[in-house]
Amino acid sequence: MSWFTDSRFGMFIHWGLYSAAGGRWKDLETPWVSEWLMRKFRIPRTEYRKLAADFNPTDFDADRWMRTAAEAGMKYMVITSKHHDGFAMFDSSWDDYNIVKATPFGRDPLKELAEAGKKHGVRLGFYYSHEQDWYEKGAYGNFWDFSKEERTPEAFDAYLNGKVRHQVKELLTNYGDVAILWFDTPHIITPEQSSSLRKFVRDLAPDCLVNSRLGGTGEWDYESLGDNQPPYKRFTMPTEGIGTMNESWGYKPFDHGYRTPEEVLQIMARLAACNANYMLNVGPDGTGKFPPESLTILKRVGEFLKVNGEALYGSSDLPIAYPDNRWGHVTRKKNCLYFWCFQGPGELRFYGIRNKIRSAEILGSGTAVPFSQYSNPEYDYHRMILAVPQGIATPFVIKVTCDGEIDCNVRAYYAGTMEE
Ligand code: FHN
């Protein structure tokens, strides 16, 4: 797991036939996430599949995608190999409902990404919708093409043992080392079926990680938080928060509700301070390009991490249960504390650290931060004050180097303020 927990930051990609539709069907615009287009308008599978005939993302450039992820500071990428619409974004011999056989594009983007990922040092994983598949009778989800009588437990089992196993095997054997198989939306899968699929994956690729949305009773490697769910505690299990930049996962050009780069960094800091990774989503369009708004966010985040990455990669949380601080969040590594500040400059007061401070500086610039400490051992009371000088633009990170491995009073309840 160590590569995963050290990485802390990855790119999620939702890309499929729905990206070409961009949330529109005939003269309707979906109020939902765009990848749910088929379900929202109950589009018959024979109609929906016609999108493939025009799907020709000639601007797709695996090298550029991977370079963009690497420059944003991301260490892994998970892309939708098959979303709920059932369309495989890779070459599959299961049937011809896939990007290579059904589209004029005819290329296998996952193959190209696997190659480019090696070049840019970004690990590749695959999202695979194992339960919902609106193209298949036996799978969960399509109640408009298939009757209740057709959607039996036996049919679901046949789908799992048929298409799912066949395609999972292709994904795990045709693309080199697969870092993660990212399953989604378990509703009806039984613990036995989840367990059996887990074993199938492990036998084929022992090092491939599996997320908790596999379903079942815990045979996964790490926990996925809910969509855009803030961390609700400090995690002791490897955990990943996932988030969108606007509201939709798939490309939706009329969804303009983008977060700012600073908001994205705040989410990252909050997750890291709770010991969790952050996988940030991009929804490329039907031609294969990232939306310009996403590129702006990625660029700014990359610039920040180039200077402050030390506070993120390989970091962990601080065992002080502190309430949400408006000024920011803390991560730690060995004998260092990293205060991610979104407010300031000013005096940051922080409580509970027993260590003696050796030095404090602004990451990147090396500007010294004057500090003072007060302790009353009788009450195990410890306070530090970091006086951030004027002229430092937010967000910034204060690196505090201590005299040894971080030691704190875990019952310190008041974690600090930033005051002018
Ligand atoms: O239904 C999907 C949704 O389209 C998207 O893929 C997200 C990503 O986490 N997962 C499901 C909803 O939780």
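The values are calculated or read from the model by the stated rules, or taken from the named source; none is laboratory data. Predicted, not measured: the structure shown is a model, and the values here were computed from it. Here Cβ is always computed from backbone atoms with ideal geometry, including for glycine, and neighbour counts include all displayed protein chains. We work out accessible area using only protein heavy atoms, side chains counted, and drop any ligands, DNA or RNA first. Shrake-Rupley method; radii C 1.70, N 1.55, O 1.52, S 1.80 Å.
Look at the alpha carbon pairs under 8 Å that are at least 6 residues apart: their mean separation over the length of the range 1-75 gives a relative contact order of 39 percent. Between the listed residues Gln266, Leu318, Asn335, the Cα displaced farthest toward the positive end of the dipole of the range 264-420, a dipole computed from Cβ unit charges relative to the Cα centre, is found at Asn335. Each pair of Cα atoms in the chain enters the Kirkwood radius, and Stokes-Einstein at 4 °C and 1.567 mPa s then converts it into a translational diffusion coefficient of 57 µm²/s. Going through the cross-link list Lys75/Lys333; Lys306/Lys399; Lys40/Lys137; Lys75/Lys119; Lys82/Lys306; Lys26/Lys148, which pairs have a Cα-Cα distance over 24 Å in this structure? The pairs that break the limit, which is 24 Å between Cα atoms, are Lys82/Lys306; Lys26/Lys148. Under 14 Å of direct C-alpha separation, and excluding same-chain neighbours fewer than eight residues apart, Lys50 reaches these aspartates and glutamates: Asp85, Asp96. Could you state, as a whole-number percent, how many of the C-alpha pairs of the range 45-105 are farther apart than 18 Å? Roughly 45 percent, once rounded to a whole number. If you wrap the tightest convex hull around every Cα atom of the range 233-344 and split its volume per residue, you get 122 Å³.
Proximity of backbone amide H atoms, modeled 1.01 Å from N, is registered between Arg358 and Thr401, Cys402, Asp403 at under 5 Å, excluding neighbours fewer than 5 places apart on the same chain.
Report relative contact order for the chain in percent, whole number only (criteria: Cα-Cα under 8 Å, sequence separation at least 6).
Here the relative contact order equals 16 percent.
Looking at the chain as a GNM with Cα springs under 10 Å, which of Ala69, Ala205, Ala20 has the largest mean-square fluctuation? Top of the fluctuation ranking is Ala205.
Pairs of alpha-carbon atoms within less than 8 angstrom and 6+ residues apart define the contacts here; what relative contact order does the range 287-359 have, in percent?
Rounded, it is 20 percent for the range 287-359.
By Kyte-Doolittle mean hydropathy of at least 0.5 and Cα axial length of at least 15 Å, which whole DSSP H helices of the chain are selected? Result, helices passing both filters: 261-273. Secondary-structure-derived ellipticity at 222 nm for the chain, considering helices only, amounts to -7000 deg cm²/dmol, per-run term -39500 (n - 2.57) for DSSP H runs with n ≥ 4. Just checking the listed ones, Asn277, Asn355, Asn246: in the Gaussian network model of the chain with Cα springs under 10 Å, the one fluctuating most is Asn355.
Once you mark the trypsin sites (Lys or Arg not before Pro) that are in a DSSP loop and have at most 13 other Cβ atoms within 10 Å, what is the longest gap between them in the chain?
My reading of the result: 43-147 is the longest stretch.
Pair-distance distribution of the range 316-404: all C-alpha pairs, bin width 10 Å, starting at 0; shares per bin in whole percent are 17, 54, 27, 2.
The solvent-accessible area of His120, taken with every protein chain present and a 1.4 Å probe, is close to 50 Å². Across all C-alpha atoms in the range 1-79, the radius of gyration and Dmax reach 16.3, 49 Å.
According to the calculation over all Cα-Cα pairs in the range 96-216, the P(r) per 5 Å bin from zero is 2, 10, 19, 21, 19, 15, 9, 4, 1, 0 %. The distance separating the Cα centre of the range 67-95 from that of the range 285-302 comes to 16 Å.
The smallest convex shape that holds all Cα atoms of the range 15-56, its convex hull, gives 64 Å³ per residue.
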